[in-house]
Structure formats: structure tokens, C-alpha cells
Amino acid sequence: MVPNSLAANAVVELKEEEEPESPQNNNETEPENSEEEEMEAEMYICRCMPPLKMTFPDKEEARKEGGCFAWCKFVWRWVMFVISFPFVWIFSWTIPDCSKEHLRKWYWASFFISVLWIATLSFVMVTLVERAGCILAINIYVMGLVFIAIGTSIPDALSSVLVARDGYGDMAVSNAIGSNVFDINLGLGLPFLIRIAITAGEPINLLSDDERDVPILPHAKFGFLLLLVLILCLVVLAATRFRLNKWIGVSFVAMYGFFLVYAFVQELVCSQMLNVFC
């Protein structure tokens, strides 16, 4: 009996050694792997300054995937890396990273510095668009209606795409509508209020003397067009019982394409043939 018991104990010990690690041990290693991945996603330009949360495009991925498309993606990643590097560099060195424990107390500084950078980049963007419109002989109003609107709406579009992928379609729709309400009311009202406060209550003239003689201003025409697009949007959503699908996305993109065509054709006809603002 004693040898049998010893053999049984030996078998049990061998099984315990062959068993895989418990889930607790796996959970303990997962944070270490994630920390290593986070460290790999950072690069240092100067050890005395904060790291940049970006890395050089990896050529090995393109080699493993193979094909023309993989190398095109590799080239595109290098293009985006070169374009985004100055901005990531400046933002990383001037804005405190409040995701780190020792910098969480600087969240107010991070917020106000971010707002300052947004204001600076917005001023630069508006100036560049204005100069480009002057060179291309395109009205400033049309440039703002198309290009500046695209630049300011891309973050809203990306956030809507992300929440729609997670299954929150109502949040995506409310984000699109709510952002426009915010832009119209606060985006216009606050700068006008600041300007009026600086000029001691003097009103702001939005129209020049030449534009006042035009029967229908572009502001009014595009305002009615915006109202028409909003009505069509609600009609389409109501017809599909507020269920988002690919055909709704295609119809909305098509409506925006028609809007761009109308805006540029109107500017072309009015500036070259009629020589007036329409």
C-alpha cells in the first residue's frame, strides 16, 4: 500500500508541474506587456524633455504583408509621420501630459495651453485660407464655407464614426446636430461679443458696400440651403425609422457633393461672368 500511495503522490506532483499557469499569473503579465508596448510607442529626442508618442514607420510590416498596397501604406505612413512630427513635437514639449501620475495636478495648465494652441492654429488656418482664396480668385465667404468648415468639422466626423462603430448611432447623429448648434450660437456669438466689448458697443458690419446692392446675398442663399439639407436629413431618417445604414451614408455624402458643386459653380459664374457677389 505504501508504494502505491507514493506513486499516486508522484503522479499528482507531475500533473501540477505540467498544468499551465493560472489566470492570475496571466493577468499579472498582461499589464507588463501593455507597459512595454506603451514604452515602444514613445521616442526621445532629448532625454531631459518629455517623450514623443510616435514611432518611425516599420518597414518589416510592409515586407511581411508584401504587395504594392502594403508598400503604398508604408509610404503614406512616412508622409503622415513627416507632416505630424513638428506638431507632435511642439505639443509634447509644451502641454503637460496629465495621463501621468506626477503631472495630474497640472491639468488646468494643460487645458489653457491646449486652448491657446487651438486659437493660434485657427488664426493661422484662417489666414492661409484667406490668402489661398485671394490667389485663386475665390470669394472668402466660399472659402470659409467649404475649406474652413471641413477643417473644423473633421474632429466631429471622426468622433461620430467612432461612436457609430460602437453601436451608438443616436450619439453620432446628436453629435453632428449639436456641434452645428454650438458653432452657430457660441462660435459666432462669443467672438462677436468680445469684439463689441473691445470696440465699446460699436456694431459689426458683416457686409461691404458692394454686397448691400445685391438682391440675394450668399449668406441668405446658403442659409436656405442649410435649412433644406437639414429638412432632407430629417426626412431620410424618418423614412428609415432612424436606422442608419450604408445607403443613408451614401445619400448624405452625395448631398454634400452637390453642395460643393453648387458653391463653386455659383462663385465661378458670379465672379467671372457677372462680376458681382451673388
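The values are calculated or read from the model by the stated rules, or taken from the named source; none is laboratory data. Nothing here was measured: the structure is a model prediction, and the numbers come from that model. Backbone-built Cβ (ideal geometry, glycine too); neighbour counts: all protein chains shown. SASA here: full protein model, heavy atoms, side chains in, ligands and nucleic acids out. Shrake-Rupley method; radii C 1.70, N 1.55, O 1.52, S 1.80 Å.
Only one residue in 167, 189, 178 is within 30 Å of residue 244 (Cα to Cα), exposed (fewer than 11 other Cβ atoms within 10 Å of the Cβ), of a type in the set (Gly, Ala, Ser) and without any contact (Cβ under 8 Å) to a residue 60 or more places away in the chain. Which one?
Exactly one of 167, 189, 178 is within 30 Å of residue 244 (Cα to Cα), exposed (fewer than 11 other Cβ atoms within 10 Å of the Cβ), of a type in the set (Gly, Ala, Ser) and without any contact (Cβ under 8 Å) to a residue 60 or more places away in the chain, namely 167.
Does any residue of the range 26-44 turn out to be open to solvent by 80 Å² or more (accessible area, probe 1.4 Å) and at pLDDT 75 or above?
Yes, there is a match, as at least one residue in the range 26-44 is open to solvent by 80 Å² or more (accessible area, probe 1.4 Å) and at pLDDT 75 or above.
Just the residues that are open to solvent by 60 Å² or more (accessible area, probe 1.4 Å) and hydroxyl-bearing (Ser, Thr, Tyr), please, taken from the range 98-119.
Answer for the range 98-119, where residues must be open to solvent by 60 Å² or more (accessible area, probe 1.4 Å) and hydroxyl-bearing (Ser, Thr, Tyr): 99, 107.
Can you pull out every residue in the range 61-88 that is closer than 25 Å to residue 45 by Cα and open to solvent by 90 Å² or more (accessible area, probe 1.4 Å)?
76, 77, 78, 82, 83, 87
For residue 140, work out the one condition from (1) closer than 30 Å to residue 183 by Cβ; (2) under 18 Å from the mean Cα position of the chain (by Cα); (3) not hydroxyl-bearing (Ser, Thr, Tyr) it doesn't fulfil.
Failed condition: (2).
Output the residues belonging to the range 150-164 that are in contact (Cβ under 8 Å) with a residue 24 or more places away in the chain and either touching a Pro at 6+ places or on another chain (Cβ under 8 Å) or open to solvent by less than 60 Å² (accessible area, probe 1.4 Å) (or both). Before you say what the answer is, go through the steps one by one.
Going through the range 150-164, the residues in contact (Cβ under 8 Å) with a residue 24 or more places away in the chain turn out to be 151-153, 164.
Matches in the range 150-164: 151, 153, 164.
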